[in-house]
Amino acid sequence: MWLKDRLNWKLVVDGFLEAYHLPILHPKTAGRLIRARPAPFEKFGQHGRMVAVRKSFEQYMDADVAEIDLLPHIAIVYQIFPNSILVWQGGHFEFWSASPETSDPKFSASRVSLMAPSAEQAKGRVEHWDKNWDVLMQTVEDEDFPIGRDIQKGFATGFQDFVVFGRNESALQHFHRTLHSELSKSEGGLSENSAADLEATQLV
């Protein structure tokens with residue numbers, strides 16, 4: 001399915017690279033299930049992997065991790081550079097690919113898929129996957145994208161010309177530093193504004 005909206009494609013990717021917004025922006029959907037922290041991140045070259053911890057893991061806080069089946073209690077977010085996200089949520093995957101929609105950076109098109117067992121393999125669980133899809137679309141279209149549009153409007157005013165990422169935003173730091181690094185290799189290098197943005201990507 002394609003989702004087109006008035007926000008830059010990087011904002012779509014950004015939304016997957018931290019978990020602390022979940023209880024605030026998604027209190028009735030993802031925020032009910034996922035903890036705001038921790039969200040450990042590890043980089044693999046240009047790519048990265050972040051782990052979002054489900055609230056169901058809280059019962060195992062003092063247990064030996066080696067004796068726990070972790071997968072039911074986490075969501076694994078793979079950031080595939082430059083513009084793709086693969087989310088492994090136990091019994092299914094979500095795949096996102098975000099791209100510019102036009103020459104105007106304020107518009108993007110995102111292709112989203114939910115990959116689950118076939119109807120034959122699921123044995124009557126089709127309604128379960130349909131519900132997962134409905135919740136996903138509700139979360140994105142009613143909660144994520146409206147905020148993204150507002151962020152995009154804020155950037156368009158020109159009053160904010162840089163973004164500072166905090167120590168709890170290691171996945172976002174890695175994504176934007178890698179993006180700036182690759183853009184700097186292109187013909188002509190980074191624009192003056194983009195170079196300033198790169199300098200502003202720092203720890204606080």
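Only the coordinates and a few stated rules stand behind these numbers; no lab work does. Just so we're clear, the structure is a prediction, and the values are computed from it rather than from any experiment. So basically every Cβ, Gly included, is an ideal-geometry build from the backbone, and we count neighbours across all protein chains shown.
Okay, here's what the table says:
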quantity	calculated
In degrees, nearest ten, helix 145-156 long axis to first principal axis of the chain (Cα)	10
For P(r) over Cα pairs in 10 Å bins from 0, in percent, calculated from these coordinates, the label among [x] 6, 19, 26, 28, 16, 4, 0; [y] 8, 32, 33, 18, 6, 2, 0; [z] 8, 30, 37, 18, 6, 1	[z]
Cα-Cα over 27 Å, subset of Lys4/Lys28; Lys4/Lys43; Lys10/Lys185	Lys4/Lys43
Formal net charge of residues neighbouring Gly31 (Cβ-Cβ distance under 10 Å; K, R +1; D, E -1)	+3
